[in-house]
Amino acid sequence: MLSQTDLHEYQRRTVDFIKARRRCGLALEMGLGKSVSTLTATADLLDGCMVDRVLVIAPLRVANSVWAQEVKKWAHLRRLKVVVCTGTERQRLTALQKTADVYVINRENVPWLVEHYAKGWPFDAVIIDESSSFKSQAAQRWKAMRRVLPMTDYMVLLTGTPAPNSLLDLWAQQYLIDQGAALGKTFTAYKQRFFDADFMGYKHTPKAGAAEKIHALLADSWISMAASDYLELPECIDLVEPVYLPPAVLKAYLDFERTLLAELPDGQEIEASSAAVLANKLLQWCNGATYTDEKGNWSALHAAKLDALAEIMEDNPGETVLIAYNYKSDLARILERFPDAVVLDKESSTIARWNAGEIRMLLAHPASAGHGLNLQHGGALCVWFGLSWSLELYQQFNARLHRQGQTRPVRIVHLVASGCIDERVMAVLGQKDAQQNALLNALRP
């Protein structure tokens, strides 16, 4: 039976940081126990009558499982009563009427929750798990939280990726902590102060020295910790497996990139109406199929990545493999090629089977397997069939295997279409990672 005395030194430091700051952000790498640290601080605050009712906002899968399960793992937390408030409106209302210390809701229902309580907001402490999902001041969930900030005494933001795309992502999160004290009262003012905009005003680049100034302004309200500083994790090896499209397919790809029009092998035509649409179509093309209409119909283009995946499976006969796919067309084609593959679903039994080594190939979308899942006991080989521009999804997905409890070196294999947009995605992820690391290092104690 575990107790508070069993907490690691870095977890106790996090607990003290939360209690001392009242409103703060924790940028902790996966595996450092942010849930138990935050719940320990919560229990201490409840015991000291500093808070009365605590709300946890989390991704749906995490809301349904992680927080309620966490209190059962630790002796000093078992006195906490946690109620999960997800599901239908009736189920949510029934849960909210129960007496508890901690109420957990999924982030999609935050606007509903704020509207439900109107001016009678009952939560004096709010914990936002994976706060980067509140990085946009235009999102309804963020606007809803802004309304109740004056009635919230404690605000704790948890994330492993505070700036998943750029430093622009920080303003909305920081506002939830200090209502504009550090980075400015408005997003516009923040951009004008620290960024240079291009002619059209769409792309913003940090001014000289701006990153360091932003880091300094956040230093008092954020703490960052890296797993490598405190835990002995096995090595994580990044591998790039070049995939060569058939010459005719590559030529058609390059023509489409240039003209924004293409006739597919089955006679259908596709058009890219914007740069964003083009980028998405090109990624689909790299994977081997592209959508032809808004109804989800798609046309197969090549099997180069499927062939590469088959080679990986053949070369690693004793390995279980976690596959990241991007599109439903990818999923359908992988399942057709590998009919014994299993799709990660909402059933806990699927995760249990994977961790028991009973699933040879597990297929998962990064958005559905990015937070809170422990898959490290089931394997140590991950293959990115389709790449993602999102650094947050990328890092979180990889951390399903490379986390505390993993006993083997983890290999992350990227299937990259040679001479195509896949190579740009890999470069962008590297740039975002470097920028994020600079921020996290600046916030370390």
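The values are calculated or read from the model by the stated rules, or taken from the named source; none is laboratory data. Here the structure is a predicted model, which means the values were calculated and not measured. Glycine gets a Cβ as well: all are built from the backbone with ideal geometry, and neighbour counts include every protein chain shown.
Computed values, structure above
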read-out: Criterion (under 19 Å from the mean Cα position of the chain (by Cα), under 19 Å from I223 (Cβ atoms) and at pLDDT 85 or above) met by exactly one of A27, A58; value: A27
read-out: Subset tally (residues that are within 17 Å of Q435 (Cβ to Cβ) and touching an Asp or Glu at 6+ places or on another chain (Cβ under 9 Å)) for segment 170-199; value: 0
read-out: Residues satisfying the stated conditions in segment 239-272, i.e. assigned to a strand (DSSP E or B) and over 28 Å from G430 (Cα atoms); value: L261, A262, E263, E269, I270, E271
read-out: Failed criterion for T40 (all others in (1) buried (at least 21 other Cβ atoms within 10 Å of the Cβ); (2) under 20 Å from S221 (Cα atoms); (3) more than 24 Å from the chain's Cα centre (by Cα) hold); value: (3)
read-out: Among the residues listed as L439, L391, L401, L415, the single one being touching a Lys or Arg at 6+ places or on another chain (Cβ under 6 Å) and over 18 Å from L309 (Cα atoms); value: L391
read-out: Close pairs (9 angstrom Cβ cut-off, 6 or more residues apart or separate chains): among the hydroxyl-bearing types (S, T, Y) in segment 58-84, assigned to a helix (DSSP H, G or I) anywhere; value: S65/S348
read-out: Where H414 falls short, out of the listed (1) within 23 Å of N106 (Cβ to Cβ); (2) at pLDDT 85 or above; value: (1)
read-out: Matching option when the condition is closer than 30 Å to Q431 by Cα, in a helix (DSSP H, G or I) and not hydrophobic (A, V, I, L, M, F, W, C), among S132, S136; value: S132
read-out: Filtered residue count, segment 387-425, keeping only those that are in contact with a strand residue (DSSP E or B) (Cβ under 6 Å, 6 or more places away or on another chain) and hydrophobic (A, V, I, L, M, F, W, C); value: 8
read-out: Tabulated pairs, segment 140-152, first under 20 Å from V51 (Cα atoms) and in the same structural domain as K185 (by TED's automatic domain parsing), second surrounded by fewer than 16 Cβ atoms within 10 Å (Cβ to Cβ) and small (G, A, S), C-beta under 9 angstrom, 6+ apart or interchain; value: M151/G120
read-out: Top-ranked residue in segment 151-161 [being part of a loop (DSSP other than H, G, I, E, B) and at pLDDT 85 or above; ranked as surrounded by the most Cβ atoms within 10 Å (Cβ to Cβ)]; value: T152
read-out: From the options E392, E336, residue that is assigned to a helix (DSSP H, G or I), free of Cβ contacts under 8 Å to residues at least 12 places away in the same chain and either within 20 Å of T290 (Cα to Cα) or outside the structural domain of I128 (by TED's automatic domain parsing) (or both); value: E336
read-out: Residue match in segment 170-187 (condition: under 30 Å from K281 (Cα atoms) and either touching a residue at least 24 places away in the same chain (Cβ under 8 Å) or among the polar types (S, T, N, Q) (or both)); value: yes
read-out: Residue among G296, G318 that alone is on the phi > 0 side of the Ramachandran plot and either in a strand (DSSP E or B) or surrounded by fewer than 19 Cβ atoms within 10 Å (Cβ to Cβ) (or both); value: G296
read-out: Answer residue from segment 107-147, given it is farther than 21 Å from L45 by Cβ and in contact with a Gly (Cβ under 9 Å, 6 or more places away or on another chain) and is surrounded by the most Cβ atoms within 10 Å (Cβ to Cβ) among those; value: S132
read-out: Matching residues in segment 211-250 - criterion: being closer than 30 Å to L387 by Cα and small (G, A, S); value: A211, S224, A226, A227, S228, A248
read-out: First in segment 305-317 and at pLDDT 95 or above, second anywhere and part of a helix (DSSP H, G or I) and not small (G, A, S), Cβ under 6 Å, 6 or more apart; value: K305/N287; L306/R337
read-out: Odd one out for C85 among (1) surrounded by fewer than 17 Cβ atoms within 10 Å (Cβ to Cβ); (2) out of contact with any Pro (no Cβ under 9 Å at 6 or more places or on another chain); value: (1)
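Conditions tested, residue by residue: (1) of a type in the set (F, W, Y); (2) buried (at least 21 other Cβ atoms within 10 Å of the Cβ); (3) in the same structural domain as E423 (by TED's automatic domain parsing); (4) part of a loop (DSSP other than H, G, I, E, B).
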position: K305; (1), (2), (3), (4): no, yes, yes, no
position: E358; (1), (2), (3), (4): no, no, yes, yes
position: N374; (1), (2), (3), (4): no, no, yes, yes
position: C382; (1), (2), (3), (4): no, yes, yes, no
position: H402; (1), (2), (3), (4): no, yes, yes, yes
